[in-house]
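Accompanying notes for the structure given below.
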Amino acid sequence: MSANTETQSSSLDGLKWIVAIALLAAAVLGNYYYGDQVSVLYRAIGVVLLVVIAGVIAGMTGKGRQFREFAKESRKETRRVVWPSRQEATQTTLIVVVATAIVSLILWGMDAILVRIVGFFTGLEF
């Protein structure tokens with residue numbers, strides 16, 4: 001019984017994906033086709049509705065359920081993260097900015113030296 005249900009579900013999943021992709025294609029083609037004939041507001045509403053319907057249909061597939069479960073778990077995990085305080089974030093940002101400035105000055109100096117060396121050996125003035 002379970003194997004039969006899984007087979008039926010997977011065959012319906014393919015059909016659901018085809019319908020979802022067809023709806024997305026209809027949104028794109030309809031927006032293009034009616035570009036000069038219908039106002040932007042109505043076209044935007046139509047596109048948003050078709051995308052939402054396609055998303056709902058795709059969400060009812062096996063992969064869609066897996067994605068929703070993953071999103072729920074990700075949200076739970078995000079709530080467990082210990083976020084840095086404002087002071088810690090500011091200090092870390094300043095450290096990164098200073099380190100970036102120092103490294104960029106070092107690389108600029110090395111580039112200038114290498115340009116002079118290459119110019120000396122090739123006889124070209126830079």
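Readers should treat all values here as calculations from the given coordinates under stated rules, not as data from a laboratory. These numbers come from a predicted model, not from an experiment. Positions of Cβ are backbone-derived with ideal geometry, glycine not excepted, and every protein chain shown enters the neighbour counts.
Annotations
- Rounded to 10°, Cα long-axis angle of helix 86-122 versus longest principal axis of the chain: 60 degrees
- Contour minus Cα-Cα distance for LEU49 and ARG116 (0.36 nm per residue): 17.9 nm
- Relative contact order (%) - criterion: Cα under 8 Å, at least six apart; region: the chain: 22 percent
- With a simple spin-label model that places each label point 7 Å from the Cα along the Cα-to-Cβ direction, the separation between ALA101 and VAL82 comes to 3.1 nm.
- Largest to smallest principal axis extent of the C-alpha atoms in the chain, angstrom: 77, 48, 35
- Comparing mean-square fluctuations of TRP17, TRP108, TRP83 from a GNM of the chain with C-alpha springs under 10 Å, the top value falls on TRP108.
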